[in-house]
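Enquirer: Handing you a structure now.
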Amino acid sequence: MRVLLLNPPGRHTYIRDYFCSKTTKSNYLFHPIDLVMLSGRVAAEHEVEVLDCIAEELDVATAEWRIDAFAPDAIVSLVGSVSWPEDRAFLAAQAARGRRIIALGDVLHEKADERLAEEPWLEAALGDFVSSDVLAILARDPASVRGSTVRHADGRVETVGTPGRLRGEYDLPRPRHELFAQRGYRFSFAREERFATILTDWGCPYPCTFCVMSTLGHASRPVPSVLEEIDALRARGIRELFVMDQTFGVNRRRGLELCAELERRGDLSWTTYVRPDGSDDELLAAMRRAGCHTVMMGVESASPAVLASYEKRYALDDVREGFARARRHGLRTVGTFIIGLPEETEESLRASLDLALELELDFMSLNMAVPRFGTPFRRRAVELGLVDERDLVMDQGGADAKLPTHALDRATMLALKRRMIRRFYLRPAYLWRRARTVGSPGELLRQAREGLALLVRNAGTRRAP
Ligand code: SF4
């Protein structure tokens, strides 16, 4: 069969991946990890092309022309709540041309059976992108599906297993990075322009109630399988990696083993996520020796009550120690915050900014709270009447505030978020530190581009009170 792996066109720079979707927060656009991971498995049995209309900046007409040129029998497509009306229209038109449509994304992560019932063009919703479900669905073999929602030949819709939730170990054929566009991807923290996005595990074992990763279970790939992928990238001259694992080293023995192998290769440079309380000196030192230069860690909030009620399972002192430890090992730090939870006030935002300054972050990433599909937080937001369950469209990138808080309306919340960004990034001492620590003129240019895009998006269109 000819199978197209598709990131559909869109009016904005959408990031649809890993059961999240958003417009880019600045200018970054990394490889859609779902399609990367599917590429090896599907290519093992079918003729495959990848079309990332966002990276290639294709409009609808050009995307249709490119798809017609390949004439796929089936399309495996990303969809996102951020672009759901556009995605539905585009994919329904492809189905009308006789193509089978299998999709995955946040908007299908919850109640996929209802979505299939509403959308006759949609044959199946993949529950994950690492298992062999995609092949079973392409083969019209529903008996072999383990965790997806399918439409049977008689029209009946069935959800099989628990879509998305994996445990233990999984393996897959080497992801085919070479099928992806060679230009158009940007990553804020990459030291080199050419980079690859990889995933060595699945989901996250922690229960943070606002985070979709907590709904996926946790599984990991065998280290030799990961190394085969990395060595294939090295053979193509790619040394810079975005390791998308959400809690690198959570399986400590495996994390150390992978680091030892990367250190032995000695030519890699990479960024990943760790927990502030899950990365001790031994792990951070091993990561640094293996070429890691930047770690992203959750701070989330300066309020101990918020950390406790959303089940972060760490205290502020763990956060302080984690960031100090990473700095001691020479790692750049990115602190991620969730803002706009129902408890948020102007004072709590000020406290979060003070904490970001105290932690001496290299980068601060603010994520506006959104009721992500499948999360306990979404259920609570529906119960509180903060969100309409039937409203499937939302942007998780913070361009808009989806929810009011108990104390702040959406416009005020957005204005305060923009002010936080400006106050953090427009400090002369900070800008001087950034300029001094870049590794090359190319990196300086990329960071300047990212910074400018971030500031333009957070320019003060409405004065914060
Ligand atoms: S916020 Fe981080 S630690 Fe918590 S569930 Fe999500 S990925 Fe895991």
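Enquirer: When the gyration tensor of segment 1-130 is built from Cα positions, what are the square roots of 5 times its three eigenvalues, in whole Å, from largest to smallest?
Expert: Whole-Å semi-axes of the equivalent ellipsoid: 19, 17, 16.
Enquirer: Which GluC sites (Glu not before Pro) in segment 364-459 sit in a loop by DSSP (not H, G, I, E or B) and have at most 15 other Cβ atoms within 10 Å of their own Cβ?
Expert: Taking segment 364-459 and a limit of 15 other Cβ atoms within 10 Å, the loop GluC sites (Glu not before Pro) found are GLU389.
Enquirer: Let me ask another. Which distance in Å, rounded to a whole number, links the C-alpha centroids of segment 37-84 and segment 236-304?
Expert: Rounded to whole Å, the Cα centres lie 31 Å apart.
Enquirer: Which Cys residues of the chain have no other Cys Cβ less than 4.7 Å away and so no disulfide-compatible partner by this rule?
Expert: CYS20, CYS53, CYS204, CYS259, CYS292, each lacking another Cys Cβ under 4.7 Å.
Enquirer: Any idea what angle helix 252-265 forms with the longest principal axis of the chain, computed on alpha-carbon atoms, 0 to 90 degrees, nearest 10?
Expert: With rounding to tens, the tilt is 90 degrees.
Enquirer: Compute the distance from the alpha-carbon center of segment 181-227 to that of segment 119-174, in whole Å.
Expert: Taking the Cα centre of each part, segment 181-227 and segment 119-174 sit 21 Å apart.
Enquirer: Turning to a different aspect of this structure: Name the shape class, rounded, prolate or oblate, that the alpha-carbon gyration tensor gives for segment 156-276, where a ≥ b ≥ c are the square roots of its eigenvalues, rounded holds for a/c under 1.5, and otherwise prolate holds if a/b is larger than b/c and oblate otherwise.
Expert: It is prolate, given that a/c is not under 1.5 and a/b is the larger ratio.
Enquirer: If you don't mind, there's one more thing I want to ask. Tell me the carbon and sulfur percent of the accessible area for the chain, rounded to whole percent, probe radius 1.4 Å.
Expert: The C+S portion of the solvent-accessible surface of the chain is 50 percent.
Enquirer: Right, another one. Restricting things to alpha carbons, find the Rg to Rh ratio for the chain using the Kirkwood radius for Rh.
Expert: Rounded to two decimals, Rg/Rh equals 0.94.
Enquirer: With +1 on each Lys and Arg Cβ and -1 on each Asp and Glu Cβ, how big is the dipole of segment 1-79 about its Cα centre, in debye rounded to the nearest 20?
Expert: 380
Enquirer: Right, another one. Starting from one equal scatterer on each C-alpha and no solvent at all, send me the Debye-based log10 I(q)/I(0) for segment 323-444 at q = 0.11, 0.14, 0.23 Å⁻¹, two decimals.
Expert: Per q value, in the given order, log10 I(q)/I(0) is -0.46, -0.69, -1.30.
Enquirer: Moving to a separate point now. Given the DSSP H assignment, sum -39500 (n - 2.57) over each helix run of at least 4 residues in the chain and divide by its residue total; what's the result at 222 nm in deg cm²/dmol, nearest 500?
Expert: Calculated mean residue ellipticity at 222 nm is -11000 deg cm²/dmol.
Enquirer: Exposed loop trypsin sites (Lys or Arg not before Pro) only (DSSP loop, at most 16 other Cβ atoms within 10 Å): please give the longest stretch of the chain free of them, not including the sites.
Expert: For trypsin sites (Lys or Arg not before Pro) (loop position, at most 16 other Cβ atoms within 10 Å), the longest site-free span of the chain is 12-96.
Enquirer: Quick one: Debye curve from the C-alpha atoms of segment 57-158, no solvent, what's log10 I(q)/I(0) at q = 0.10, 0.16 Å⁻¹?
Expert: The computed values of log10 I(q)/I(0) come out as -0.26, -0.67.
Enquirer: Any idea how far apart GLU57 and ALA232 come out in nm if each label point goes 7 Å out from Cα toward Cβ?
Expert: Calculated label separation equals 3.0 nm.
Enquirer: When ligands, DNA and RNA are left out and all protein chains stay put, how many square angstrom of accessible area per residue does segment 257-338 have with a 1.4 Å probe?
Expert: Here the residues of segment 257-338 average 36 Å² of exposed surface.
Enquirer: Measuring with a 1.4 Å probe in the full set of protein chains, what accessible area per residue, in whole Å², belongs to segment 151-197?
Expert: For segment 151-197, the per-residue accessible area is 59 Å².
The values are calculated or read from the model by the stated rules, or taken from the named source; none is laboratory data. Model, not experiment: these values are computed from the prediction. Note: ideal-geometry Cβ built from the backbone for every residue, glycine included; neighbour counts use all protein chains shown. Accessible surface areas use protein heavy atoms only, side chains included; no ligands, DNA or RNA. Shrake-Rupley method; radii C 1.70, N 1.55, O 1.52, S 1.80 Å.
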